[in-house]
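Everything on this sheet refers to the single structure shown next.
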Amino acid sequence: MRCPDLSGRRSLPCGTVIHNEEWGWETMFQTTIAGSLPKPGWLAETGKLWPRWTQEGAALEQAKLDATLLWIKLQEEAGLDVIGDGEQARQHFVHGFLEQVEGIDFEHKVEMGIRNDRYKAMVPQVVAPLRLKGRVHAVEAQFLRAHTQRRTKFTLPGPMTIVDTVADRFYGDRVKMAFAFAELLNAEALALQAEGIDVIQFDEPAFNVYLEDAATWGVAALERAAQGLTCTTAVHICYGYGIQANIDWKNSLGEQWRQYEQVFPALARSSIDQVSLECMHSRVPAELMALLAGKDVMVGVIDVANEAIETPEEVADTIGQALQFVPAQHLIACTNCGLAPMPRAVAQAKLEALVRGAALARERAQGG
Ligand SMILES: [Zn+2]
């Protein structure tokens, strides 16, 4: 079976592993989002990172799929090349996974400082050996695959970020617990691949916080989570959603944000295919992208901490900066992070800005 591509680009067999180098100039700078999109008010509270559902039971399950379909179509209309489920079926990117894991006590949450105490969160506790209760994201992954003919991406939390978002009362060792989670993530990732998902991305914002640990065991745990996958694998490392605690943290990081410098060499040596990073309006020195030689780089060209809609020129300029350090065939245009807490209309306009900016960058590259 071949997937017709609605943008008029080359069609490809469904589920084929495609890396950017297989594409010509006309398909340079593919577009995709980091992961999450805002939930409509008929599904959950709006404007929040940990929103409460506004439905229950069967109505909630239906609303999750309706919202997923809405965003699949809006991503297609905007012209994105790789389509996600917008994480509409999970309350939060970490806890959505944990809810299907045995050995975690959700009844007795405790307050914990997470991301090196950047903010406090009520987190569940690991109290027994970890096991999957069953599939985690089968329903929404199959739904995504059934409702778009474009390439699909599905996101999972990375093992290091998970261990930073739960309280450990059982393993007594972060690394051991991270590898236990990595095994469970791997089982889910292999099942997602079997369902026809093309790109499986692990979200590891913790890599930007625990820099030494990320390089010494974080990347190894990530590779364990991705073991045996033949689809495209990716990792997203950002400076967090555009919430106040993150904005304050970023303001404390100085003139140059060099956090990526420690983990990128380890990722360049790893088996992971793509790395998603923050670029637009960030103080990350662009030359750090050169440390990812050989990888596809998903360059964040859309700011998620600012509601102003990027112009095509701004997006194309950011792509242009990255092109000094990333070969064109390895550059994918992406958002800095998820768009979840933003107003829906802003998120939609930002998807369109992403696609228009990538198109302008393509014109510039061809013209030059
Ligand atoms: Zn992010």
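Would you work out if the stretch 153-246 is rounded, prolate or oblate? Take a ≥ b ≥ c from the square roots of the eigenvalues of the alpha-carbon gyration tensor; rounded if a/c is under 1.5, else prolate when a/b is larger than b/c, oblate otherwise. It is oblate, given that a/c is not under 1.5 and a/b is not larger than b/c. Helix-only estimate, please: 222 nm mean residue ellipticity of the chain, summing -39500 (n - 2.57) across DSSP H runs of length 4 or more and dividing by its residues, to the nearest 500. Calculated at 222 nm, the ellipticity per residue is -10500 deg cm²/dmol. Just checking the listed ones, E314, E255, E76: in the Gaussian network model of the chain with Cα springs under 10 Å, the one fluctuating most is E255. With Cα atoms as the point set, the stretch 252-320 shows a radius of gyration and Dmax of 12.9, 37 Å. Report note on the peptides 36-47, 130-141: ranked by the mean count of other C-beta atoms within 10 Å, highest first, their order is 36-47, 130-141.
Each Lys and Arg Cβ is given +1 and each Asp and Glu Cβ -1; about its Cα centre, the chain then shows a dipole of about 340 debye. Size estimate for the chain follows the Kirkwood approach: the inverse of mean 1/r over distinct Cα pairs works out to 20.5 Å.
Among rounded, prolate and oblate, which fits the stretch 113-159 when a ≥ b ≥ c are the square roots of the eigenvalues of its C-alpha gyration tensor, a/c under 1.5 means rounded, and a/b larger than b/c means prolate? Don't skip to the answer; put the middle values down first.
Working: a/c = 3.63, a/b = 1.77, b/c = 2.05.
Oblate, because a/c is 1.5 or more while a/b does not exceed b/c.
Here the spin labels are modelled as points 7 Å beyond Cα on the Cα-Cβ line, and at D168 and D105 they lie 1.7 nm apart. 3J(HN,Hα) along the stretch 232-246: 6, 10, 9, 10, 10, 10, 9, 9, x, 4, x, 8, 4, 4, 6 Hz, from the Karplus curve 6.51 cos²θ - 1.76 cosθ + 1.60 with θ = phi - 60°, whole Hz, x for Gly and Pro.
Label separation (L211 vs M122): 3.5 nm, computed from points 7 Å beyond Cα along the C-beta direction. Which one, N208, N246, N116, has the greatest fluctuation when you compute a Gaussian network model over the chain with C-alpha springs under 10 angstrom? Of N208, N246, N116, the most mobile in the Gaussian network model is N116. Share of carbon and sulfur in the accessible area of the chain stands at 50%, probe radius 1.4 Å. Measuring between their Cα centroids, the stretch 220-272 and the stretch 185-215 lie 11 Å from each other. Modelled label positions at A268 and Q256, each set 7 Å beyond Cα in the direction of Cβ, lie 1.6 nm from each other.
Build a GNM of the chain with springs between Cα atoms under 10 Å apart, and of D85, D203, D66 the one that fluctuates most is D66. Sequence-ordered 3J(HN,Hα) estimates for the stretch 253-265 from the Karplus curve with 6.51, -1.76 and 1.60 and θ = phi - 60° stand at 8, x, 5, 10, 8, 10, 3, 4, 4, 7, 8, 4, x Hz, glycine and proline given as x.
The values are calculated or read from the model by the stated rules, or taken from the named source; none is laboratory data. What you are looking at is a predicted structure, and each value in this text was computed from that prediction instead of being measured. Please note: Cβ atoms are built from the backbone with ideal geometry, for glycine as well, and neighbour counts cover all protein chains shown. SASA here: full protein model, heavy atoms, side chains in, ligands and nucleic acids out. Shrake-Rupley method; radii C 1.70, N 1.55, O 1.52, S 1.80 Å.
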